[in-house]
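Some notes on the structure that comes next.
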Amino acid sequence: MRQTTVTRSTQPEFGRCVALVQPMRSTTQISPGKLLLLGLLTACALPAQKEPASAAERLAPQTRAEEIDLEREQKAGQLRPDTPTGIEHVLNVIEEKKIVERVIGSAGGLRLKLGGLITGSGFAAGPEYYRPDLLYGQMRFRGSVRGSLRKFTLTDMELNFPRLADNRVFVDLYAVHRDYPHIDYYGPGAGSAKSGRSAFTLEDTAFQTTAGVKPVEHLRLGVQGNYLLVNVGPGRDSRFISADGVFSEATTPGIQVQTNFLEGGGFVEYDWRDYPGEPRRGGKYLARFTSYDDIERGLFSFSRLDLEVQQYFGFFNQRRVLALRGRVEATDPHAGQQVPFYLQPTLGGSEDLRGFRPFRFYDNNAAVLNGEYRWEVFSGLDMALFVDAGRVFHDWHQINFRELETDYGFGFRFNVRNNVFLRIDTGFSREGFQVWFKFNNVF
């Protein structure tokens, strides 16, 4: 059966309906056909009734503000929990477990200690236990055992009282034993030859006490005492000749004769760096005097003066830093005495002349200048361009800043929470280039 669909008439259609019916107004009898036509006319004349609005029409926004609110609600309903990627998950675990803090030394408890051995020892690591919260924060304990791939070892223990007398007094107790099977030695003086490389063994034990006061902010005044036991022997490195087979007591004091020392002295330090682990501005100035007394042989007593200046200039919102350092190490043998070669100042390596091999130059005195331009590449990584210059001298009266050994290079500094935990430096000099991986900042 066919269904007929009736649509509502528009205004022009209503006019046509009226026009069709007008001839019937004078007719008295209405036939069935006319009656049907009259019904259609009545339907056309009746106003169209509006259909009830649907739910969607009732909820449709009427203003721009309502439309914005509706879009916001729809987006909120579509939100899903953020699922981290594999790398993000690993980084989250590292942050939650404080793995980086345990490596760089800022978290308490049992942690991994990287580096800290003598330059040239190779990659070194070992367990360390640290408690900074003993006696309600008045005492700190630290102990570690570290070894390197080249069989260098270090065992140390430290007990600190950094905030005595309302943070005005400090006391530090430190003990260390080191066993270094082969340390490079090229001979005495600035004129030593690169080809004269030899090696010696150094084994020593030290017990050190430091105490002092902090009269004003940034300033520390202190005294220091140390008992040092030293054993020097043939180098245990088959690649190089042992130093005692090449050099004698006349040229290298202490190469054949062993002794122990009692040390005492004092220091003045003013440190106003903003972040000691990665300074952006400020400075550090240190003067330290130490007297070494040979308590067994009476041959190697001397005095030593260490002076150091560090200065940092930050600019461009501290994202660029000019870092400068100058250091002088001067010794003065007591009457009829000598400075043993293993306690002489040295230059060469990751901390001063980075374009030269470790311990490239030995003598009684040394002076070094370092300059770096550092800039932030992105959060967690800085780069640096550097220049080093320095020289060793036999007599402290000869110290000057002329005819210095120089090198230059570039480096990468990986940091977290304003503390450098990995440094990679490449230095170039007249003797070639050196690459250094260190777990500390240079200065």
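Where a number appears in this text, it was derived from the coordinates with a stated rule and is not lab data. If you're wondering where the values come from, they're calculated on a predicted model, not measured in any experiment. Because the Cβ atoms are built from the backbone with ideal geometry, glycine has one as well, and the counts that use them run over all protein chains shown.
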The one condition LYS151 fails out of (1) part of a loop (DSSP other than H, G, I, E, B); (2) closer than 30 Å to ARG297 by Cα is (2)
Restricted to segment 390-416 and to residues being of a type in the set (D, E, K, R) and touching an Asp or Glu at 6+ places or on another chain (Cβ under 8 Å), the residue farthest from ASN365 (Cα to Cα) is ARG413
Considering segment 189-230, residues that are touching a helix residue (DSSP H, G or I) at 6+ places or on another chain (Cβ under 9 Å) and under 16 Å from THR251 (Cβ atoms), and then whichever is surrounded by the fewest Cβ atoms within 10 Å (Cβ to Cβ), we arrive at SER198
Filter segment 259-275 for residues that are touching a strand residue (DSSP E or B) at 6+ places or on another chain (Cβ under 6 Å) and either of a type in the set (S, T, N, Q) or not in a strand (DSSP E or B) (or both); the one that is farthest from LYS214 (Cα to Cα) is THR259
Note on LEU219: of the conditions (1) over 24 Å from ASP293 (Cβ atoms); (2) more than 31 Å from the chain's Cα centre (by Cα), unmet is (2)
Residues of segment 284-304 being touching a Phe, Trp or Tyr at 6+ places or on another chain (Cβ under 6 Å) and either surrounded by fewer than 16 Cβ atoms within 10 Å (Cβ to Cβ) or farther than 24 Å from LEU229 by Cβ (or both), in sequence order, are TYR285
Among residues of segment 162-200 being in a strand (DSSP E or B) and of a type in the set (A, V, I, L, M), the residue nearest to PRO215 (Cα to Cα) is VAL169
From the option list ARG325, ARG220, single residue qualifying as assigned to a strand (DSSP E or B), basic (Lys, Arg), out of contact with any Pro (no Cβ under 7 Å at 6 or more places or on another chain) and over 30 Å from LEU381 (Cα atoms) is ARG220
Worksheet item: Based on what the data block shows, is PHE316 of a type outside the set (Ser, Thr, Tyr) and surrounded by 20 or more Cβ atoms within 10 Å (Cβ to Cβ)?
Response: no
_For the structure I just gave you, tell me whether ARG168 is of a type in the set (D, E, K, R), exposed (fewer than 15 other Cβ atoms within 10 Å of the Cβ) and out of contact with any helix residue (DSSP H, G or I) (no Cβ under 9 Å at 6 or more places or on another chain)._
yes
By residue number, the members of segment 422-443 that are out of contact with any Gly (no Cβ under 7 Å at 6 or more places or on another chain), touching a residue at least 60 places away in the same chain (Cβ under 8 Å), surrounded by fewer than 20 Cβ atoms within 10 Å (Cβ to Cβ) and closer than 14 Å to GLU278 by Cα are PHE443
